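The structure appears right after this line, and notes come after that.
The values are calculated or read from the model by the stated rules, or taken from the named source; none is laboratory data. If you're wondering where the values come from, they're calculated on a predicted model, not measured in any experiment. Neighbour counts are summed over all protein chains in view; Cβ atoms, including those assigned to glycine, are modelled from backbone coordinates with ideal geometry. SASA here: full protein model, heavy atoms, side chains in, ligands and nucleic acids out. Shrake-Rupley method; radii C 1.70, N 1.55, O 1.52, S 1.80 Å.
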Amino acid sequence: MNKLLIAFLFILTGYSYLSADIRPKALKPKDNCELWVGTASGNDPSVQVEFSFCINRNNEVTGVLQWSSTRSGWNKRAVNGYKKENEIILHDEKFLENKPNRGWVFCLIDEYRFSLNNNKMQGEYISNACRDKGQFSLVRRN
């Protein structure tokens with residue numbers, strides 16, 4: 001009986017651990033910055049993305065890109081790069097938070113390329129470390 005109770009508690013505790021913090025808190029819009037939301041497809045096709053960024057007078061872009069998935073977990077990344085006409089080119093600087101689910105690993109992105117068209121942003125990314133490349137589709141939130 002005690003072994004059965006211990007096994008049940010272990011399963012219950014493991015399930016609670018895996019189901020906790022499935023999605024992080026949503027990014028909040030910042031003054032004089034942009035917030036975009038949408039999806040990404042790559043190694044995990046169920047990823048939701050939030051992208052908050054600011055552009056200075058020199059067209060330098062800094063921001064936070066947050067990925068979340070009920071399958072792979074979630075992370076928040078500091079990104080930077082530049083804007084040239086209707087294109088934004090970025091790379092990850094570092095993870096601000098990194099919470100992969102069991103069996104998953106997140107890698108930094110070597111390059112993001114986004115094209116802007118009105119309130120839509122389409123793009124692609126590549127991560128050499130994870131041998132991952134994929135696509136983004138985002139819409140402007142603010």
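Find the residue count for segment 25-52, including only residues that are out of contact with any Leu (no Cβ under 8 Å at 6 or more places or on another chain) and hydrophobic (A, V, I, L, M, F, W, C).
So the count comes out to 4.
Quick one: which residue in Arg57, Arg77, Arg113 is out of contact with any helix residue (DSSP H, G or I) (no Cβ under 7 Å at 6 or more places or on another chain), assigned to a loop (DSSP other than H, G, I, E, B) and closer than 21 Å to Leu35 by Cβ? Walk me through it before giving the result.
Working: Arg77 fails: assigned to a loop (DSSP other than H, G, I, E, B); Arg113 fails: assigned to a loop (DSSP other than H, G, I, E, B).
From the options Arg57, Arg77, Arg113, the qualifying one is Arg57.
Out of (1) in a loop (DSSP other than H, G, I, E, B); (2) surrounded by fewer than 14 Cβ atoms within 10 Å (Cβ to Cβ); (3) of a type outside the set (Ser, Thr, Tyr); (4) in contact (Cβ under 8 Å) with a residue 60 or more places away in the chain, the odd one out for Val105 is which?
Just one mismatch for Val105, condition (4).
Scan segment 54-87 for residues that are crowded, with 18+ Cβ neighbours inside 10 Å and more than 30 Å from Arg102 (Cβ to Cβ) and report the count.
Final tally of qualifying residues: 3.
Take the conditions open to solvent by 20 Å² or more (accessible area, probe 1.4 Å), among the charged types (D, E, K, R) and on the phi > 0 side of the Ramachandran plot and apply them to Glu111. Does it pass?
Working: open to solvent by 20 Å² or more (accessible area, probe 1.4 Å): yes; among the charged types (D, E, K, R): yes; on the phi > 0 side of the Ramachandran plot: no.
In short, no.
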